[in-house]
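Take a look at the structure below.
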Amino acid sequence: MPRTCTLSIQSAATRAKTYWTAACRSIKPRGTTASGFKVVGDSTFRCSAARLSAPKTLGAPLPVSSLAGFNLASRHSRQISSSKRHFRNVSAMGVNDEFSDKDLFSMPDPPALTCGAGEATAWSGDVLFVGLTEDAYDAESKSLSADAKAFFEGFNSAGVTATVADLFASDEEFKLKPGSSKLFSTCGSCSAKNICVVGLGKADAGGKKWGKSNWQVLGATMKAVAKANKCKTAALVTPGSSSAVVEDVANGLFLGAYESTRFKSKQKGGLDTLTSVDLLGIEVDSLEQKVAEAAALAKGITMARYLVEAPPNVASPKHLAECAKMIAEKFPDVFTLTVLSREECEKLGMGCYLSVGEAADTDSQFIHLKYKGPGWTES
């Protein structure tokens, strides 16, 4: 085919594509569109062959008559109708009406924490977590450290000691990094039903500089393992390492294995099966206060997750105002709340603010939740 003819056909095809795009963007009920399409009836576009003719150098129009009957607007009309039906359905439900029978701010019950000097070998329950640092196992000699070896031998069970040794020998990637774990059944060789070896990372890691500490990761790992194996009671022991940071472990337990289930039609049972955790060999002063502080932090983070994960038909200005109201009513000594309606915002001349939600189906609400607790300033 001559080069001139090929370029002319490509040019005609490009113009046709441009005309179709323009027609879909500017649908008119009757008449002729700006792109040269004739509208037949209410929704059928027919392409004019004259407008798609080839350049004069060819001397004859391209055979594009097969395109004349192409229905350009029918699919677009169906899409518009579908969008209108969806909008009517959402409007009929109303904001928050679909979940009006649910308490969207309810928090899951955290497991109860206790500390004691009890022996791990005598503890009975679903799973015993053993936290070990990276230096508790030497990969070259394939042997446990003296403290770890003495701890597992204390069970007076050759099966427990052999299984722990096999865990490291069979998996070279298991190097007791933070968050790593291996669980095995004791098969009745001791009072604990299962033993889970959990990595604590480096022994000299110290306090966290940013992000989660190794103790927080430990707590989250414990919660995830207990959830996966449907364990209700658990205990933690850290042989040969420094005493656990209770508030970090508690924070990890409260926030670990979080799953958004509030908007699922079918709730799975047993999502939070862990009810109690015993910290063995750990003596902590003011345990209740530290656990309460960890729980308060976990609840604040969970509430933030609730607001972020909620869909638009739930997280409306009204929903956010209800959340702020709940916080202010629960802690009136440290919080004050002011909510301005649309009318009040108009009186204050907040036009730019109101213009953001002008197209929304719910009125804007200006929410001012002020903290006046310890350390607060007027600025």
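Can you name the residue in the stretch 354-379 that is exposed (fewer than 14 other Cβ atoms within 10 Å of the Cβ) and either of a type in the set (D, E, K, R) or in contact with a strand residue (DSSP E or B) (Cβ under 7 Å, 6 or more places away or on another chain) (or both) and, of all such residues, is modelled with the lowest pLDDT?
Quick first cut of the stretch 354-379, residues exposed (fewer than 14 other Cβ atoms within 10 Å of the Cβ) only: 355-356, 358-361, 368, 370-379.
Restricting the remaining residues to those that are either of a type in the set (D, E, K, R) or in contact with a strand residue (DSSP E or B) (Cβ under 7 Å, 6 or more places away or on another chain) (or both) gives 358, 361, 368, 370-372, 378.
Working: 358: 87, 361: 83, 368: 95, 370: 93, 371: 91, 372: 89, 378: 77.
Going through the qualifying residues, I end up with 378.
Considering each residue of the stretch 176-206, count those that are more than 14 Å from residue 130 (Cα to Cα) and either touching a residue at least 12 places away in the same chain (Cβ under 8 Å) or of a type in the set (Val, Ile, Thr) (or both), and give that number. Full working, then the answer.
Applying the first criterion (more than 14 Å from residue 130 (Cα to Cα)) to the stretch 176-206 yields 187-191, 202-206.
Filter once more, so that each one left must be either touching a residue at least 12 places away in the same chain (Cβ under 8 Å) or of a type in the set (Val, Ile, Thr) (or both): 187, 189-191, 202-203.
The number of residues fulfilling the criteria is 6.
For (1) surrounded by fewer than 15 Cβ atoms within 10 Å (Cβ to Cβ); (2) in contact with a strand residue (DSSP E or B) (Cβ under 8 Å, 6 or more places away or on another chain); (3) free of Cβ contacts under 8 Å to residues at least 12 places away in the same chain, each residue gets a yes or a no:
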residue: 301; (1), (2), (3): yes, no, no
residue: 304; (1), (2), (3): yes, no, yes
residue: 312; (1), (2), (3): yes, no, yes
residue: 332; (1), (2), (3): yes, no, yes
residue: 340; (1), (2), (3): no, yes, no
residue: 347; (1), (2), (3): yes, no, yes
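Of everything in the stretch 323-379, what is farther than 19 Å from residue 303 by Cβ and aliphatic (A, V, I, L, M)? Give them in sequence order.
Residues satisfying the conditions are 340, 348, 350, 354, 356, 359, 360.
Within the set of pairs 6 or more residues apart or between chains, which connect a residue that is open to solvent by 20 Å² or more (accessible area, probe 1.4 Å) inside the stretch 119-138 to a residue that is assigned to a helix (DSSP H, G or I) with Cβ atoms less than 6 Å apart?
137/168
Looking only at the stretch 152-189, which residues are open to solvent by 30 Å² or more (accessible area, probe 1.4 Å) and part of a helix (DSSP H, G or I)?
Matches in the stretch 152-189: 153, 158, 159, 161, 162, 163, 165, 166, 169, 170.
Report yes if residue 259 is at pLDDT below 90 and either surrounded by 15 or more Cβ atoms within 10 Å (Cβ to Cβ) or assigned to a helix (DSSP H, G or I) (or both), otherwise no. Steps first, answer last, please.
Details: at pLDDT below 90: yes; either surrounded by 15 or more Cβ atoms within 10 Å (Cβ to Cβ) or assigned to a helix (DSSP H, G or I) (or both): no.
In short, no.
Take the stretch 232-250 and flag every residue that is closer than 16 Å to residue 301 by Cα and open to solvent by less than 10 Å² (accessible area, probe 1.4 Å).
The initial filter retains those residues of the stretch 232-250 that are closer than 16 Å to residue 301 by Cα, namely 247-250.
Correct list: 249, 250.
So which residues in the stretch 192-215 are open to solvent by less than 20 Å² (accessible area, probe 1.4 Å) and modelled with pLDDT of 90 or more, if there are any at all?
Residues of the stretch 192-215 that are open to solvent by less than 20 Å² (accessible area, probe 1.4 Å), as a first pass: 192, 195-201, 213.
192, 195, 196, 197, 198, 199, 200, 201, listed by residue number.
The values are calculated or read from the model by the stated rules, or taken from the named source; none is laboratory data. Since this is a predicted model, take the numbers as computed values, not measurements. As a convention, Cβ positions derive from the backbone with ideal geometry for all residues, glycine included, and neighbour counts pool all protein chains shown. Ligands, DNA and RNA are stripped out before the accessible areas are found, and what is left, the full protein with its side chains, is counted by its heavy atoms. Shrake-Rupley method; radii C 1.70, N 1.55, O 1.52, S 1.80 Å.
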